[in-house]
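The values are calculated or read from the model by the stated rules, or taken from the named source; none is laboratory data. Model, not experiment: these values are computed from the prediction. Positions of Cβ are generated from backbone atoms using ideal geometry, with glycine treated the same way; all protein chains shown enter the neighbour counts. These accessible areas exclude ligands, DNA and RNA; they are computed on the full protein's heavy atoms, side chains included. Shrake-Rupley method; radii C 1.70, N 1.55, O 1.52, S 1.80 Å.
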Amino acid sequence: MTESLFAQTVATATGLLMLTAVLQVWRRSTDASTKLLAIQGAALALLVGAIGLAEGHAELVLIAFVVLAFKAVALPWALARTIERSGIHREDSPAVNPVSGLLAAAGLATLAYAVSRPLVALDTGPAAHAVPAGLTLVLVGFLVLLTRHRAVSQVIGFLVIDNGIATVAFLTAGGVPLVVELGVLLDVVLVVFILRILSARLELAHGEVDLHDLRELHD
Amino acid sequence: MTLTDLGLLGQPLLAVLAFAAAVAVTDQRRSAVAGTLNAALGLAIALTGIGALLGQPGTLTLGSPIPGIGLLSLAPDRLGGIFLIVVGLVGALSAWFGVGYAHGASATRAAWAAYPIFVWGMAIVPGAGDAVTFLLGWELMALGSTVLLLSEHASRPQVRSAVLWYAAMTHLSFVLLLAGFAVLVGHAGGASWAAIAAQPPTGASASLAFALLAGGFATKAGLVPVHVWLPRAHPEAPSHVSAPMSAAMVKLGVYGLLLLCTRLLPEGPHWWGIGLLLLGGASAVYGILQASVTSDLKRLLAYSTTENLGLMVTGLAVAMLLRTAGQRAVADVALVAVILLVVSHAAFKTVLFLGAGSILHATGERDLDRLGGLARLMPRTATATSIAALAAAALPISSGFVAEWVLLQSLVHGDTRGPGADRVIAIALPITVSLVALTAGLALLTFVKVVGIAFLARARSESAGAAHESPATMTVPLLVGAGLVVALGLVPGWVASGAAYAVGASGVEQVGLGGVALPAVTALLDPVALVLMAVALAVPVAVVTARAARRAPRRTVDLPWGCGGVRVDPMMQYTATSYAEPLVRVFDDALQPTRDLDVTHTTESRYLVRAVAFRQRMVDQVERGLYQPVLGVLEAVGDVGRRAQNGSIQRYLGFSFTALVVVLLVVTW
């Protein structure tokens, strides 16, 4: 892989990551959110694969395929099934309207770029320039968590945060060991399953899955 | 392998066994099996203590997953040995009593599983060789006792409030200790006692460490003004738990103070001793004053604990003052008095609390005003409790007498005028003597009340009249404990020598048949000889009286006419409240009781009284003056804080998100 091709690939992947994250804030359809999540997973796998090929790590390429399998296929598929079964295809009444959401996302991206300046300065390679993208993903994922009420949207927000963390880890540390990556993936899968079970139970108890209902648990 | 090593190894094994038995054994046999194993644990602790007191070295260390930080490092010294013996014997007697006593909620799996944690935690504290182990034991002890205290929460709502008070105060104590040890360890660069003693801090940081640690230990010891948990927790715990709490656990506060003042920071300015003297004196007088006017038996015993702990701290403070003034010999006597008070109080308070448990078991009552006449129905409980009450009132041939005698010897023989005296001692010693004397007088009244009202006269309620003696598993430990009280009183020489050995004091000798001599203050006490002398005096008097009585025939006098009423009714007897009435009047300003008098008249005429109801309530004035305002402020803050929480996940997420963004902004700036 040539130097320029590597730079192009990294730029494309990070751009896709950022775009999908920001679109999450904009779109209210849960089906669309799931598709965006799949694209984001694929972009992350592309990023990992590119780094692996450029640095000649076979292990990283393997991880890229694992990431692709889990984040671009398995988890979005599981989410799609949940949406299918619950029949909730739209996130209703978000806490902020799409325009303010997009503005907030822009502000958060600015903050991410401002914060990661010292990190970028450490390395001149194209990979380092993508670090702010990872941080943006974390912050935007948090924003999704904050503004959505449906359990499914919460899972999506959580997965965006996780993608952000993975991006930063791959870009700054030149990849994480296979064992650690597998462990993190397992955690994520567990969380998704727990949330799926939780939302199923909530639906049984209340007829729908709105986190506002959890307020009744307050003493 | 020394006895100490063996004991240290046996303790955790027995604790684990007792824990496992509590969890595994069925309900019917749990108390028997777990109680026996806990008693064995107590004996193992006592054996360890004997080994340590004899000077046999012994260590037990456990590593932790974190390299460089040990989890447990036990190396009891002689002072720790005395306290291990106390903890072990109290634990053994109480667990043995628990075999017959624990039932229902206090014999559940959780309660018996917490018991070994509590007892072993109490053994770790005096055995600890460094500050980390000490704090670990301190917390284990707090954890175990809290679970045990909670055991009867379902049937009595006041248990919950007692647990809240106890948990809050015990954590206060822990936080103070943590901060105090942090100062010491930070200065010494090592957590072991030897390292701290080798490089003690000086000046302001030494005073800070002393104030923090003394505050923490005083809270555990139940001294005024941090005694508030004690009169709540002790009555609400099951009796086989209140006994070790009162007789052993609070004693570890005194152990901490002794460790601090004799080993870690032996050289301190004058005000340390004065501060401790104020704490101790106030606790002694306030504790016994509250005890003397209380009619709840277990609450009375709890306040009496505050009094006794106050006396111990008074002794320690006097020793510190005398040592600073260069009167080492008398200071040593005061230190020996502290240990004797510890041992004596442990023995008699165990019997008193277990006796209260036996009464509670038989009658379901712990209000003295509803007891009476139990001496006939429960002879063994009555005997044991009366002997312990003798000691609590510091009367001869009991352990309490010896201990207070030694304390008074050190107080009256301290040089207040000679070259070794300074102004503080000249003022402090005479005042302390009078305080101790006042305390002894009030203690006498208090325990005359306990024995007289509970055991003598006639039953004041149906449940007291229907009482029955408790089973042997309960009365035998009681009698064994009472035997210890008498033994300590009759042959105190052994214990006094051991105490002198433990605190490194000279000038205590054994004389005669186990008597104790204090050459430093030219005093001597030989109880066995005194008893023999008393018998020699009493026998002729008894013979003469018997002969005289034989000459005069016995006459019985019957009341010719009772004005239509019954001559004596149980209602006409003195009650605990009426017995204490003169005291309440004398100390009216200090106690500030609230009294209600309701007089109901007959409907026919308002000059005829149908019924009179009298109610008197004592509120702890320290609690009302000091704690209520603080609690009020805390509650107001809590209410404001509650508004920030509405149970919405989004809001909680928002808190973390805001925190993250703010931190990032600050970092970027």
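Relative to the longest principal axis of the Cα atoms of chain A, helix A:151-173 runs at roughly 10 degrees. Reachable lysines from A:K35, Cα under 19 Å, same-chain residues fewer than 8 places away excluded? Cross-link targets: A:K71.
Compared with the direct C-alpha span, the chain from B:H270 to B:L665 gains 137.0 nm at full extension, assuming 0.36 nm per residue.
Can you give the FRET efficiency to the nearest 0.05 for B:L513 and B:A437, using r as the Cβ-Cβ distance and R₀ = 25 Å? List each step's numbers first, then the result.
Values: r = 29 Å, r/R0 = 1.16.
Plugging the Cβ-Cβ distance into 1/(1 + (r/R0)^6) gives 0.30.
Within the shell defined by Cβ-Cβ distances under 13 Å, the residues around A:T167 carry a net charge of -1, with Lys and Arg each +1 and Asp and Glu each -1.
Using a probe of 1.4 angstrom, how much of the accessible area of region A:3-217 is carbon and sulfur, in percent? The partial results should precede the final answer.
Numbers: 6810 of 9900 Å².
Reported share for carbon and sulfur atoms: 69 percent.
For every helix of n ≥ 4 consecutive DSSP H residues, a contribution of -39,500 (n - 2.57) applies; sum these over chain B, divide by its total residues, and give [θ] at 222 nm rounded to the nearest 500 deg cm²/dmol.
-22500 deg cm²/dmol
Of the accessible area of chain B, computed with a 1.4 Å probe over protein heavy atoms only, carbon and sulfur atoms account for 67 percent.
In region B:294-341, the convex hull through the Cα atoms has an average projected area of 3.4 nm², a quarter of its surface area. Within region A:107-123, the residues that become at least 50 Å² less accessible when every protein chain is included than when their own chain is isolated (1.4 Å probe; DNA, RNA and ligands ignored) are A:L111, A:V115. Given +1 at the Cβ of Lys and Arg, -1 at the Cβ of Asp and Glu and no other charges, the dipole of the protein assembly as shown around its Cα centre is 2100 debye to the nearest 20. How much net charge surrounds B:A454 when only the other residues with a Cβ under 15 Å from the Cβ of B:A454 are counted, with Lys and Arg +1 and Asp and Glu -1? With Lys, Arg at +1 and Asp, Glu at -1, the neighbours total +4.
Straight Cα distances below 21 angstrom link B:K449 to the lysines B:K298, B:K349, with same-chain residues fewer than 8 positions distant left out.
Two decimals is fine: what's Rg over Rh for chain A, C-alpha atoms, Kirkwood radius as Rh?
Numbers: Rg = 17.7 Å, Rh = 17.8 Å.
Taking Rh as the inverse mean 1/r over Cα pairs, Rg/Rh reads 0.99.
Take each residue in B:647-653, count the other chain C-beta atoms within 10 Å of its C-beta, and the mean is 6. Give the shape of region A:1-125 as rounded, prolate or oblate, defined through the alpha-carbon gyration tensor: a ≥ b ≥ c are the square roots of its eigenvalues, a/c under 1.5 means rounded, and otherwise the shape is prolate if a/b is larger than b/c and oblate if not. Note, shape of region A:1-125 comes out oblate.
Just the C-alpha atoms of region B:236-345: what Rg/Rh do they give, with Rh taken as the Kirkwood radius?
Details: Rg = 14.8 Å, Rh = 14.4 Å.
My calculation of the ratio gives 1.02.
Secondary-structure-derived ellipticity at 222 nm for chain A, considering helices only, amounts to -25500 deg cm²/dmol, per-run term -39500 (n - 2.57) for DSSP H runs with n ≥ 4. Positive-end ranking of A:A151, A:A21, A:V188 along the dipole of region A:3-217, with charges on Cβ about the Cα centre, is headed by A:A151.
Placing unit charges on each Cβ (+1 for Lys and Arg, -1 for Asp and Glu) gives the protein assembly as shown a dipole about its Cα centre, and among A:V120, B:A580, A:T30 the Cα reaching farthest toward its positive end belongs to B:A580. Taking a ≥ b ≥ c as the square roots of the eigenvalues of the alpha-carbon gyration tensor, region B:624-668 is classed oblate because a/c is 1.5 or more while a/b is no larger than b/c. For chain A, the longest principal axis of the alpha carbon atoms and the long axis of helix A:58-67 meet at an angle near 20°.
Counting Cα-Cα pairs of chain B in 10 Å increments starting at 0 gives whole-percent bin shares of 3, 14, 24, 25, 17, 9, 4, 2, 0, 0, 0. Along each principal axis, taking the top coordinate minus the bottom one, the Cα set of the protein assembly as shown gives 128, 79, 52 Å in descending order.
Using DSSP loop states and a limit of at most 12 other Cβ atoms within 10 Å to flag trypsin sites (Lys or Arg not before Pro), what is the longest stretch of chain B containing no flagged site?
On the way: sites that count: B:R417, B:R554, B:R555, B:R567, B:R606.
After excluding every exposed loop site, the longest remaining stretch is B:1-416.
Taken per residue, the accessible surface of region B:107-243 reaches 30 Å², heavy atoms only and a 1.4 Å probe. Annotation: region B:573-617 has a Kirkwood hydrodynamic radius of 12.4 angstrom, from the mean reciprocal C-alpha pair distance. The distance separating the Cα centre of region B:399-456 from that of region B:355-393 comes to 27 Å. B:D588 sits with roughly 60 Å² accessible to a 1.4 Å probe, with DNA, RNA and ligands left out of the calculation. Tell me whether region B:238-299 comes out rounded, prolate or oblate; compute the Cα gyration tensor, take square roots of the eigenvalues as a ≥ b ≥ c, and use a/c under 1.5 as the rounded threshold. Because a/c hits 1.5 or more and a/b fails to exceed b/c, region B:238-299 counts as oblate.
Sites counted here are GluC sites (Glu not before Pro) in a DSSP loop (not H, G, I, E or B) having no more than 12 other Cβ atoms within 10 Å; the longest part of chain B that contains none of them is B:268-603.
Just the number, please: buried accessible area between B and A, total of both chains, 1.4 angstrom probe, nearest 100 square angstrom. Summing both sides, the interface buries roughly 1500 Å². Taking the Cα centre of region A:3-217 as reference, the dipole from Cβ charges on Lys and Arg (+1) and Asp and Glu (-1) amounts to some 380 debye.
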